[in-house]
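*Asks:* Below is one structure. I have some questions about it.
The values are calculated or read from the model by the stated rules, or taken from the named source; none is laboratory data. Fair warning: this is a prediction, and the values are worked out from it, not measured in the lab. Don't worry about glycine lacking a Cβ; one is built from the backbone with ideal geometry, like all the others, and counts go over all protein chains shown. We work out accessible area using only protein heavy atoms, side chains counted, and drop any ligands, DNA or RNA first. Shrake-Rupley method; radii C 1.70, N 1.55, O 1.52, S 1.80 Å.
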Amino acid sequence: MEENHSVAIIGDNPEALLLSVLYAEAGIPNYLVGPFGDDGRTHSNRPGLEEALWLLGIFKKSGKITITPDHHKIPLSQVRTLILATHASSPDQTNALEMTLRNLAPSLANGTTMAFTGLCKPRYTSSVVKPTIEKHGGLSIGVDINLYYMPLFWTGERIQEFKEKRKVLAGFGGSISNLFQEELLRVFPTLSLTSTMEIAEASGLFSAVSREVGRALELELAKMSEFHGINYDEVLELSRDGRVAFTGSSNPIPERESIATNIALSSSKRRNGARLMRAAHSINEEYQSQIVDMIKRALGHCGYPFRRSRVAILGTDGLLKNPWSKPESPPIIESLQKRGARISLYPGETGSHPWTEIVGGHVRVESSLLRAVAKANCTVVALPKSSASELDPDQVSTAMNRPGAICDLTRVMEASNVEKAGLFYTTIGRGTFDT
């Protein structure tokens, strides 16, 4: 039986889903407005999302979460807290967000608490969100309704880790009601208050930008290691200062990391005013070409030309163009096809459907890992750590052509075990190619 809902969460990003589930877990029923639920989409073996979708199903049945794709169906007069979880990252996203605000404003009840949680450039909440609500709703912020900003950004972690990350909260005019603080503390254990929305906006944006800049540094160091014939993993083992951790070990989502950089670059008035961010963005965009180059060298090491070689792709971590919205074929597949490779794909635990339709008839999609690697000259591993048990080096070696190569993007296999099984092992940052 559906419970009384005092909270509505609107958004089309993972943050909206995670927020809704965490609210329900804290005993606060809510409406979730967005493309969630039984839509048949895969989320590329992201444990945090798979867990959230599982909990969503449970809370949906218990009545703690009511899902609707249309915000017009929310009884706003009954909603005490309204949360917008959409990033103002691109012109399309920003236009959609502002249109949502215009549509919601006339129906907001006096006394509503409204919170914006998407990444945005500094002063966006006060210069766009606030005046849009006041103009189209006829309500005064700080008098008729309360407006808050809290940056939320999911980077691929599990629900518990997302929950425990420190949250920053700011209220318009610097005031924050005790009731809203208490509500958020039921959901998030650590909450830091700041005096202005601009500081909170910058905090969320800069934190996310630093991830992409750090990732670019990691890729540069990995390439340097390859050039000098050094194993980057071994370097990291000796450099455990917490500041550098290769992206392959942190299950990255490159397109999510670029959200903040796109926002920051769009707000930079001088082209040379954000040179480091622009360089980092450019380096990270080259990640796919680095993978293709690694596959080419691995095939060459084993004596195979690129054209007509069989390449098996296991998993899709770090390979998808957009892992949250409607799945699209990984760009690496198109790159390999252009070079004449014959490709098989094992998507992982998400199963083969709907991947057969997504990648087209020129790619063999298998629901069995060993069938995917059968007769392969090179196997590209992009499975999450949770799938490590599926990968038995001896079984993979027996199924593949010999000599054969393993390109381990997510570092789920032990190099020594792969080499004992008679296969050549490499990954980005491993300087083992012949020069």
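*Asks:* Taking the stretch 337-351 as the region of interest, how many residues are crowded, with 18+ Cβ neighbours inside 10 Å, out of contact with any helix residue (DSSP H, G or I) (no Cβ under 7 Å at 6 or more places or on another chain) and either over 15 Å from residue 390 (Cβ atoms) or modelled with pLDDT of 90 or more (or both)?
*Replies:* Of the residues in that region, 2 qualify.
*Asks:* Another question, if that's okay. Looking only at strands (runs of 3 or more DSSP E) that lie completely in the stretch 358-414, which have at least 1 residues being open to solvent by 70 Å² or more (accessible area, probe 1.4 Å) and either in contact with a Phe, Trp or Tyr (Cβ under 6 Å, 6 or more places away or on another chain) or within 24 Å of residue 288 (Cβ to Cβ) (or both)? Before you say what the answer is, go through the steps one by one.
*Replies:* Working: elements: 363-365, 378-381, 405-408.
Because the criterion is at least 1 residues that are open to solvent by 70 Å² or more (accessible area, probe 1.4 Å) and either in contact with a Phe, Trp or Tyr (Cβ under 6 Å, 6 or more places away or on another chain) or within 24 Å of residue 288 (Cβ to Cβ) (or both), the strands (runs of 3 or more DSSP E) in the stretch 358-414 that meet it are 363-365.
*Asks:* Let me ask something additional. Kindly evaluate residue 4 against the criterion of being of a type outside the set (D, E, K, R), over 29 Å from residue 358 (Cβ atoms) and at pLDDT below 85.
*Replies:* So residue 4 fits the description; yes.
*Asks:* Which condition does residue 291 not pass, out of (1) at pLDDT below 75; (2) on the phi < 0 side of the Ramachandran plot, if it passes all the others?
*Replies:* Of the numbered conditions (1) at pLDDT below 75; (2) on the phi < 0 side of the Ramachandran plot, the odd one out for residue 291 is (1).
*Asks:* Sticking with this structure for a sec: Show the residue pairs that are 6+ apart or on different chains and have beta-carbon atoms under 8 Å apart, the first residue being within the stretch 85-101 and within 17 Å of residue 264 (Cβ to Cβ), the second being part of a helix (DSSP H, G or I) and open to solvent by 40 Å² or more (accessible area, probe 1.4 Å).
*Replies:* What qualifies is 87/93; 89/262; 90/262.
*Asks:* Can you name the condition, by its number, that residue 169 falls short on among (1) touching a strand residue (DSSP E or B) at 6+ places or on another chain (Cβ under 9 Å); (2) not in a strand (DSSP E or B)?
*Replies:* Of the numbered conditions (1) touching a strand residue (DSSP E or B) at 6+ places or on another chain (Cβ under 9 Å); (2) not in a strand (DSSP E or B), the odd one out for residue 169 is (2).
Table: residues versus (1) modelled with pLDDT of 90 or more; (2) surrounded by fewer than 18 Cβ atoms within 10 Å (Cβ to Cβ); (3) out of contact with any Gly (no Cβ under 6 Å at 6 or more places or on another chain); (4) not in a helix (DSSP H, G or I).
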| residue | (1), (2), (3), (4) |
| --- | --- |
| 176 | no, no, yes, yes |
| 183 | yes, no, yes, no |
| 192 | yes, yes, yes, yes |
| 199 | yes, yes, yes, no |
| 202 | yes, no, yes, no |
| 209 | no, no, yes, no |
| 212 | no, no, yes, no |
| 217 | no, yes, yes, no |
| 222 | no, no, no, no |
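*Asks:* Let me ask something else about it. Go through the stretch 279-320 residue by residue and tally those that are part of a helix (DSSP H, G or I), in contact (Cβ under 8 Å) with a residue 60 or more places away in the chain and more than 30 Å from the chain's Cα centre (by Cα).
*Replies:* 2
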